Amino acid sequence: MAAGPIFAREALTAPRRFRHYLMRSGFISGLLVLFYSIRQATLGFQDLQLAGDVATFSNLTFQVFCFLQLTLGLFFATLFSAANVAQEKDRQTLILLLMTDMRNHELALGKLLASLLIVGVLLTVSLPVFCALRLLGGITWAQIVWSQAIIASAALAAGTWGGMVAFWREKTFQTLAISVMGVVLFVALAEAITAVIGIDNVVGYSISRLSPFRALSEVLDPLAFVTTGEVQVSSFGSVLSLLLLAVALAGITINRMRVWNPSRQMRMSAMETEVSVESVPSKSASPEKKHRTVWHNPVIWREMCTRAYGRRMIWIKLAYVLLVAAIGWFASRQAGTASNELVLGMLTSPAFAFLGIGIMSLLLLNAQAVTSITNERDGRTLEPLLITDLSAREFMLGKIGGALWNAREMIVLPVLLLIWMTVSGSVRTLTVENCSYLILSYLVLAVFAVTLGLHSGLTYENSRSAIGNSLGTMFFLFVGIFIFMLLLVEARSSFAIQMQSFIVFIGFGSLALYSSLTHKNPSSALTLASIALPFLTFYAITGFLLDGNLGVCFWICVAYGFTVIAMLIPAMTDFDVALGRNTQDVG
């Protein structure tokens, strides 16, 4: 095969795993639950007698499904491709692959297509759902074809970007951070440049073709973008542009693969070893080395005082600072306009922009935490820690403190942005009281993101599974909350009637959270947290839509704070069981 033996092996072995069928059936089940929830939220129990009402419902469901698929496709394509290569680097098996007779394109394309195999399977199994919506009316076959083409090409481009970054960077956290921020910045810049330049000229039109969300919006609602002439549902320019972008990124990866790997640091280490072996100096002539003093807790000392996550972290943090500055500038611009229109009927434009930066910050915090465990395991430094007298309390608190310290910009800058919005009046409803509630809730969510990352890193022995489960749980949690808020906005006039569908939606989320948190070491506290967290989040969302403030903050802190405690206590008390250690902790 053109993709090489790596993809051939993945294509042959993937169908033999139970999770392959579980993911396919779970994804379709999730779409059906969402279909039922949308139906109840918009139509309720009333009987439809007009074909136009059925077509309108079908069109709304199709739009929600398409945007959901595009968001999931971009995120998981980037995550899977980046984590797949990063795992090879952490385990130092990429060097062995480079020593084989596989050519560069076989290695690069094989890793890329093997990572995107799950995404492609999920896109394929969802086609019957879209065909069933076509039978209800409201959409055309051209919309189904072009929407799936946009989603597939965007996922391919995102996966190629994640693979290129993974081959380029050495540390897993750097890979994940650059990959996620790169996709967000790409979409944001494409939309911003299009909004400033316009699509009336060649440059603006060409850049607008690179935004998959804009292209999907044009396919789903072609009448909103065409004022004169015949309406044609087509997105050939966007699909071609995204495919060319994927080819360009793949070409760079293939061309630079053996320049980036092995890394310069590994080469210098090998050269120093050769020199030290060839000329061993006498003991009297060797210069006296000055050693640093290690703290009482060596775990947090390593996290805070060493370059455990690479030497180029400053560039990631600089990109993050620039992104937050751009969000602040956008908020100040929107504050000066007279428009009071709410985005999706829920939030003002500055608040919606802050929500985006907050979600990305929590994802980066989670990635920092989970990679702090997976790097130890893949680098075979976790086993030496297990034979020391290091207690579970020291290990967990050290990892939590190190993750919060290394990603401190992701905590401090959103808080400063909230304070600046309050002082400048960018959001009129953001008073000092509400700002304090938001800051407290955000800090609790930050601790939850870090604890979930550590919990997944300890639970899953495979690094790719740990990273995928941790970031996937966070992402699905945010996507579920966002979709649920949309349904609540649609069902404001008949909330009591739609209560049954909301309970089904929340129950499905509780089941998914239970399977994630109790994968290896189930406990009654984790079971209670899995049940309570979605319901308390539902209560907080309804309180927010009813203009609540203190109650929303309180229940967010209760729900996610209790989940943090439920994850930390087993990790500390059953530390031996979680890590496979035979000795008992002392102290």
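Only the coordinates and a few stated rules stand behind these numbers; no lab work does. From a predicted model like this one, the values you see are computed outputs, not experimental measurements. Here the Cβ positions follow ideal geometry from the backbone for every residue, glycine too, while neighbour counts run over all protein chains shown.
A few notes on this one:
- Gap separating the Cα centres of region 101-123 and region 8-23, nearest whole Å: 14 Å
- Pairwise label distance in nanometres, Val202 with Val129, each label 7 Å out on the Cα-Cβ vector: 4.2 nm
- Inter-site label distance for Val121 and Tyr21 at 7 Å from Cα along Cβ, in nm: 1.1 nm
- Whether region 5-263 is rounded, prolate or oblate, judged on the alpha carbon gyration tensor where a/c under 1.5 counts as rounded: oblate
- Net charge of neighbours whose Cβ lies under 12 Å from the Cβ of Asn406, counting Lys and Arg as +1 and Asp and Glu as -1: +4
- Pairs spanning more than 25 Å between alpha-carbon atoms, out of Lys111/Lys399; Lys171/Lys520; Lys171/Lys317; Lys317/Lys520: Lys111/Lys399; Lys171/Lys520; Lys317/Lys520.
- Label separation (Glu383 vs Arg103): 3.9 nm, computed from points 7 Å beyond Cα along the C-beta direction.
- In order along region 463-479, the Karplus-derived 3J(HN,Hα) couplings, from 6.51 cos²θ - 1.76 cosθ + 1.60 at θ = phi - 60°, round to 5, 5, 5, 5, 5, x, 5, 5, 5, x, 4, 4, 5, 5, 5, 5, 5 Hz, and Gly and Pro are given as x.
- Computed FRET value (nearest 0.05) for Leu136 with Trp405, which takes r as the C-beta separation and R₀ as 56 Å: 0.60
- Relative packing of peptides 563-572, 163-172 - highest average C-beta neighbours within 10 Å first: 163-172, 563-572
- In sequence order, region 82-87 has phi-based couplings of 5, 5, 5, 6, 4, 5 Hz under the Karplus curve 6.51 cos²θ - 1.76 cosθ + 1.60, θ = phi - 60°, and Gly or Pro positions carry x.
- Per-residue ³J(HN,Hα) for region 321-329, Karplus 6.51 cos²θ - 1.76 cosθ + 1.60, θ = phi - 60°, Hz, x for Gly and Pro: 4, 5, 5, 5, 4, 5, 5, x, 5
- With R₀ set to 30 Å, the beta-carbon distance separating Arg312 from Phe478 gives a calculated FRET efficiency near 0.60.
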